[in-house]
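Each remark here refers to the structure printed beneath this line.
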Amino acid sequence: MITQATKFCRASLPLAVLGWLAGATAGGGAEPIPNGPGAAGRVGVVTDAATGVRFQKVREFTSDQEVIESRTVVNISPNGRYLMCQGRLIGIDAPGVVPLVLPGGTAWNPVAAVWSGDGRQMAWVDATRHLWMSAASPETGQPVGPAREVPEAGLQAFPSLALAPDGSRLFCIRSLKKEGGTNWASGISAVPLPGNDAPPGVLMERPSPIGRLACSPDGQWLAFQDPKDGRQATITLLSLAGGPPRDLDLPGTPLGWSADSAWLASERDGRLTFLRVRDGRTGAVNLPPETGRCLGADQRGNLYFFRAPPGAQTQMRLWSLAGAPPVELPLPLEGSVRRPQWAPGGGAVVFEETTEAAWKVWALPTNGQPLQRFVVDVPGAGSPSEIRLSPDGAHCLLVTRSRGQGGRQTLWVAPVSLKEWRTTGPARQVLEGLRPGMNMGWSQYRWLPEGKTVVAVAGQGDLWLASLDGPPERLARLDQEIDLWDCSPDGQILAYETSGPATAAIGVISLEDRLPMAIYTPREARWLRGCWGPDSRSLLTYSEGAIRQHSIGTGAPVTLRTAEQLGIDSVWDFYRSPQGGQAAILAGRNISRKVLLCDLKTGAFRTLQDEPASGCAWSPDGRWVACPVARPAKARLPGILWKASLAEMITRLQ
């Protein structure tokens, strides 16, 4: 569905344009739902068409005290009546916010807290990392009676707690100093509670901080997020009866268990995965965009989800180059939208959404169908952070980054289906050691126009070529910092920028003779960007405060417009149309941005839009430009709490 404003825009479009917009039918994804911020929340139920799983709206949160930020740790009371976060209880079955109160009447703000399975005990860590316990009331969710300190030193800075279902032990994460050094490891500590005479002890250790704990209802398993040195963290199972840990190779955060302790639920990047402990069988459900992130599970078998009100209203604006009014498609998303690309065939705009906690890929059909989740499930590739479709739509490139500051980047290729909007097989490594861009993190890899070969920058400043069915080969060793720009429309020449200690140059290299050549060295080496003209023999560039045209091998560049004439002081990127006759230019002055359009044949410029965009994408026929636009929200939208049955999910997956 679309908004009234969008209906008006489409009603005014020529019949030929309307026919193009309805041309390709998008496949896969969720059941059709209203495609606007907050609109789906008023429906009450969203169903995932792939699995039939229903997500039911519980209530809307409208006050500031009820808002849950994207990274806030939230606990669900066992009876499903309360959310506990940041020193307050938020009612699930009824509106209301209640401060957590210590026995004696003092308000408190625990760093971490947990209820026992029956809701009659509570354990928490205070701001000084001291561990406490008391009796609790299942009806009010509050601690009652005297609080007692549990002697357990060295709690981790971001602790997680779990209580054994029978109340015999408390599990917590400790920071451990490595013997003979100053580095710190982490461990899972078991603390016996009254009635249990076993001594306290560390169940296991890890060299990096351990994440969230989740104890199974039968008390036999403890699941935790296990750090992998230099790799993506996955979930590990620890048998509380003894025995070695069991690595599940399951990414994400453990959220909860089924009532019979047979299945474990986890989430990563908006995708719920369920694993059967007995045999390792898995199934998955993709969260619709309306449901937000998973908060956790109660003891009644419900999973809870919360979509925080976005600070901005993001929309995908489609600009017609035939003079028709723009089409505006609202996006019900919380995160930042970036790197749009038009899917081959013209049926949808594919883009990435990033939040502090997740990276997701979406496909926005241009025929009025709802937003579709693009499932990126690539065994072997780890956790991707970028995606780029091949020109024929049969494959995609993915970038993964190893953990830690300045992590090593790896480029992968995987098959995709644009009918189902998903990857369809394992990923194959293309190149390791991919170099980040010098300025603003521009991607350092490109598909060649023929769609079977990739060019990328890796190592200390080398250009590499890799085919889909062969090993990579070095195209040139430049031993300089490189920013990869664009491949000529005929697929024969690459353009790039190199930089040294004091100078920068615009260079080209022929894929036939493989000889790099500098074609221009500007006096000022700031904000160099460019793209090819339609003849594959000229470059449109921004350098020295002007947009210029360079004809390869024919002397000095020709200035088309100065920055002053265009009202800009920088250019972030160029986006050439598929036929090469026009370029969209993301430019601006100071912190303001706009999108310019340049006719590469006549040198004429015009402003496409005066609002900032996080990128541009051309339709395959070159008649439309898509620009994601984020505006500050005019009105405070409610946060929405959803729930779904864990038992229903598992039943449908079986």
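Since every read-out is calculated from the coordinates, none of them should be taken as a lab result. Remember, it's a predicted structure, so these values are computed and weren't measured experimentally. Cβ: placed from backbone, ideal geometry, glycine included. Neighbour counts: every protein chain shown.
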- Query: Over the chain, what relative contact order in percent results from Cα pairs under 8 Å that are six or more residues apart?
  - Reply: 12
- Item | Descending semi-axes in Å of region 480-633, equivalent ellipsoid built from Cα gyration tensor | 25, 19, 14
- Message: For a Förster distance of 35 Å, can you work out the FRET efficiency between the beta-carbons of ASP279 and GLU648, rounded to the nearest 0.05?
- Response: 0.95
- Dividing the helical contributions, -39500 (n - 2.57) per DSSP H run of n ≥ 4, by the residues of the chain yields a 222 nm value, nearest 500 deg cm²/dmol, of -1000 deg cm²/dmol
- Message: Suppose the chain between ARG129 and ALA94 were pulled fully straight at 0.36 nm per residue; how much longer would it get relative to their current alpha carbon spacing?
- Response: 9.4 nm
- Please work out the ratio of the alpha-carbon Rg of region 44-108 to 2.2 N^0.38 Å and round it to two decimals. 1.36
- Task: Under 1.5 on a/c is rounded, so check that first for region 517-603, then, if it is not, pick prolate when a/b is larger than b/c and oblate when it is not; a ≥ b ≥ c are the square roots of the alpha carbon gyration tensor eigenvalues.
- Result: oblate
- Kirkwood Rh and Cα Rg combined as Rg/Rh, the chain: 1.01
- Item | region 348-503: relative contact order in percent, alpha carbon pairs under 8 Å with at least 6 residues between | 13
- Query: Where nothing but the Cβ of Lys and Arg (+1) and of Asp and Glu (-1) is charged, how large is the charge dipole of the chain around its Cα centre, in debye to the nearest 20?
  - Reply: 700
- Query: Given ILE509, SER592, GLN549, which one lies farthest toward the positive end of the charge dipole of region 479-608, if we put +1 on the Cβ of every Lys and Arg and -1 on the Cβ of every Asp and Glu?
  - Reply: SER592
- Task: Grab the beta carbon distance between SER385 and ASP621, set R0 = 41 Å, and tell me the FRET efficiency rounded to 0.05.
- Result: 0.85
- Chain lengthening between GLN86 and ASP490 when straightened (0.36 nm per residue, less Cα-Cα): 139.6 nm
- Note on the structure: Proxy exposure order for LYS360, LYS228, LYS601 (fewest C-beta within 10 Å first) is LYS601, LYS228, LYS360
- Task: For region 302-355, compute Rh as the Kirkwood radius over C-alpha pairs and then the Stokes-Einstein diffusion coefficient at 25 °C and 0.890 mPa s; write the answer in µm²/s, rounded to an integer.
- Result: 184
- Message: Can you give me the distance in nm between label points at SER536 and ASP377, each placed 7 Å from the Cα along the Cα-to-Cβ direction?
- Response: 4.1
- Item | Dipole magnitude (debye, nearest 20) for region 564-654, charges at Cβ of Lys, Arg, Asp, Glu | 320
- Message: Need one number for region 452-527: average projected area of the convex hull over its C-alpha atoms, nm².
- Response: 5.4
- Task: Find the lysine pairs in the chain meeting two conditions, Cα atoms under 30 Å apart and a separation of 8 or more places or different chains, and report how many there are.
- Result: 22
- Where in region 559-591 does the label zone of ASP599 land, with the point 7 angstrom along Cα→C-beta and an amide N cut-off under 20 Å? 559-562, 565-567, 575-586
- Item | Size of charge dipole - region 503-639 - debye, nearest 20, with Cβ of Lys, Arg +1 and Asp, Glu -1, no other charges | 460
- Full-stretch length increase - ARG477, ARG514 - with 0.36 nm per residue and alpha-carbon distance subtracted: 12.3 nm
- Message: Could you work out the relative contact order of region 509-622? I mean the mean sequence separation of Cα pairs under 8 Å and 6+ apart, divided by the number of residues, in percent.
- Response: 17
